[in-house]
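Engineer: Just passing along the structure, written as structure tokens.
Laboratory data are not the source of any read-out in this text; all were calculated from the coordinates shown. Owing to the predicted nature of the structure, the values given are computational and were not obtained by experimental measurement. Here Cβ is always computed from backbone atoms with ideal geometry, including for glycine, and neighbour counts include all displayed protein chains.
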Amino acid sequence: NTTQKAHQFPLRRTRSSLLSSAVHPTADPNSHLTQLCLQNQLDQAVTFLNTLPKDPQSNIDEETFISLIRLCEFKRALNEGGVIYEHILSFRSQLSLRLGNALLSMFVKLGNLSDAWYVFGKMEDRDVFSWNVLIGGYAKNGYFDEALDLYHKMLWAGYRPDVFTFPCVLRSCGGMGD
């Protein structure tokens with residue numbers, strides 16, 4: 001019986017220590033922020049992000065920012081998205097395709113077309129998705145002339161429309177007067 005007790009593991013202690021040993025915020029801010037995103041805790045994530053110095057040495061990964069942006073978009077949290085965007089601007093002078101597209105999607109979905117346009121201009125590269133999101137955002141918000149103008153710029157820049165482009169363009173055409 002004593003040999004059996006020697007080989008037993010304190011399951012309760014292990015379980016509670018696993019829960020309490022969640023990533024310590026100072027160890028790796030990316031892990032901590034990602035964990036908060038997975039737990040749907042946007043307010044805590046933004047609060048933690050605000051405690052970090054706003055400089056390129058903070059080492060916040062692009063993937064972490066994308067997780068935060070997607071959570072803002074999901075929760076329709078424009079103010080928090082703006083705070084995260086400010087942090088991104090302090091860390092990066094140019095936006096990659098993935099980070100730019102995530103920001104575009106969030107800003108357009110939340111109705112902030114001016115920041116979406118600014119993001120579009122700061123992107124290193126664009127793809128058809130980038131153009132479609134912006135064209136669709138302008139069309140959805142009643143800026144039909146601007147949407148068609150963007151469509152023409154997309155064609156001029158050498159991007160081929162896809163099945164998602166045409167509904168945006170048709171919405172714009174349908175919304176325009178004679």
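Engineer: Near the amide H of Met123, under 5 Å away, which other amide H atoms are found, from residues 5 or more places off or on another chain, if H is placed in the peptide plane?
Structural biologist: Result for Met123 returns Leu95.
Engineer: Ranked highest first by the average count of other Cβ atoms within 10 Å around their residues, in what order do 68-81, 94-107 fall?
Structural biologist: Going by the mean number of other Cβ atoms within 10 Å, highest first, we get 94-107, 68-81.
Engineer: While we're on this one: Of Gln41, Ala116, Pro29, which is farthest towards the positive pole of the stretch 25-117's charge dipole, taken about the Cα centre with +1 and -1 on the beta-carbons of Lys, Arg and Asp, Glu respectively?
Structural biologist: Ala116
Engineer: While we're on this one: Can you give the percent of C-alpha pairs in the stretch 31-164 whose distance is more than 17 Å?
Structural biologist: That tail contains 58 percent of the Cα-Cα pairs.
Engineer: What aspartates and glutamates sit close enough to Lys153 to cross-link, taking a C-alpha to C-alpha distance under 20 Å and skipping anything fewer than 8 places away on the same chain?
Structural biologist: Asp115, Glu124, Asp125, Asp127, Asp145, Asp162
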